[in-house]
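S.K.: Sharing a structure with you now.
The values are calculated or read from the model by the stated rules, or taken from the named source; none is laboratory data. All figures in this text were calculated on a predicted structure; none of them were measured in a lab. Neighbour counts run over all protein chains shown; Cβ positions are idealised from the backbone, glycine included. Just so you know, the surface numbers come from the protein's heavy atoms only, side chains and all, with ligands and any DNA or RNA stripped out. Shrake-Rupley method; radii C 1.70, N 1.55, O 1.52, S 1.80 Å.
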Amino acid sequence: MDKNTFIHRYADEISKGNAAIFGGAGLSVPSGKKDWKTLMKPLADELGIELTDSTDLTRLAQFYVNKKGGNRTKVSELILNEFNDITINEYHKILSCLPICTYWTTNYDHAIEDSLKQAGKKVAVKKNPMSLATSLIGCDAVVYKMHGDKDDAENCVLTEDD
């Protein structure tokens, strides 16, 4: 499908209320946050592993936790500390102004939900299995945090076991 066809079809789906947004790790990079590979570099360095474009980062994180006897404290601290303070960027602002009510993300930070709130929207955040069972009445947008949230870093998805 060419770009113009996609844009027209997606705009049509937005107008029908059928569209959703997926925002991955690249969405927060312009805010000065690390991408996956850069986030995992301290673990690789400690293990003496050189990161390449083909490095399986989930496997690397699992290997690190296994080497530490199942202790994932450093992995959780990487998430907590890297994504603790984030500035909303232009991409977040643009996405929050769209008439879309469903957002999917693998990001641990709060930038998507914060940008939606700044746009005056009431936001429900689904960040773990328990939160899927509850509903926020009258919400304008739902953010599904597929890999968890930095405020619950010890339960975030990062390793193969996760």
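S.K.: Could you tell me whether segment 63-70 includes any residue that is open to solvent by less than 70 Å² (accessible area, probe 1.4 Å), farther than 22 Å from Asn155 by Cα and in a loop (DSSP other than H, G, I, E, B)?
M.R.: Filtering segment 63-70 down to residues open to solvent by less than 70 Å² (accessible area, probe 1.4 Å) leaves 64-65, 70.
Still in the list and also farther than 22 Å from Asn155 by Cα: none.
The answer is no; no qualifying residue exists.
Residue by residue, here is whether (1) at pLDDT 95 or above; (2) out of contact with any Leu (no Cβ under 7 Å at 6 or more places or on another chain) holds:
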site: Val75; (1), (2): no, no
site: Asn84; (1), (2): no, yes
site: Tyr91; (1), (2): yes, no
site: Val125; (1), (2): yes, yes
site: Ala141; (1), (2): yes, no
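S.K.: Okay, next question. Under 26 Å from Gly17 (Cα atoms) and either in contact (Cβ under 8 Å) with a residue 60 or more places away in the chain or touching an Asp or Glu at 6+ places or on another chain (Cβ under 7 Å) (or both): which single residue out of Thr159, Thr105 fits that description?
M.R.: Values: Thr159 fails: under 26 Å from Gly17 (Cα atoms).
Selected residue: Thr105, the only one of Thr159, Thr105 that is under 26 Å from Gly17 (Cα atoms) and either in contact (Cβ under 8 Å) with a residue 60 or more places away in the chain or touching an Asp or Glu at 6+ places or on another chain (Cβ under 7 Å) (or both).
S.K.: Which residue pairs have Cβ atoms closer than 6 Å, lie 6 or more positions apart in sequence or on different chains, and pair a first residue in segment 20-32 that is closer than 13 Å to Val142 by Cα with a second residue that is open to solvent by 30 Å² or more (accessible area, probe 1.4 Å) and of a type in the set (Phe, Trp, Tyr)?
M.R.: Short answer, once both residue conditions are applied: Phe22/Trp104.
S.K.: Assess whether Asn89 counts as being open to solvent by less than 30 Å² (accessible area, probe 1.4 Å), more than 20 Å from Leu51 (Cβ to Cβ) and touching a residue at least 40 places away in the same chain (Cβ under 8 Å). It would help to see each step written out before you state the result.
M.R.: Working: open to solvent by less than 30 Å² (accessible area, probe 1.4 Å): yes; more than 20 Å from Leu51 (Cβ to Cβ): yes; touching a residue at least 40 places away in the same chain (Cβ under 8 Å): yes.
Considered against the rule, which asks whether it is open to solvent by less than 30 Å² (accessible area, probe 1.4 Å), more than 20 Å from Leu51 (Cβ to Cβ) and touching a residue at least 40 places away in the same chain (Cβ under 8 Å), Asn89 comes out as yes.
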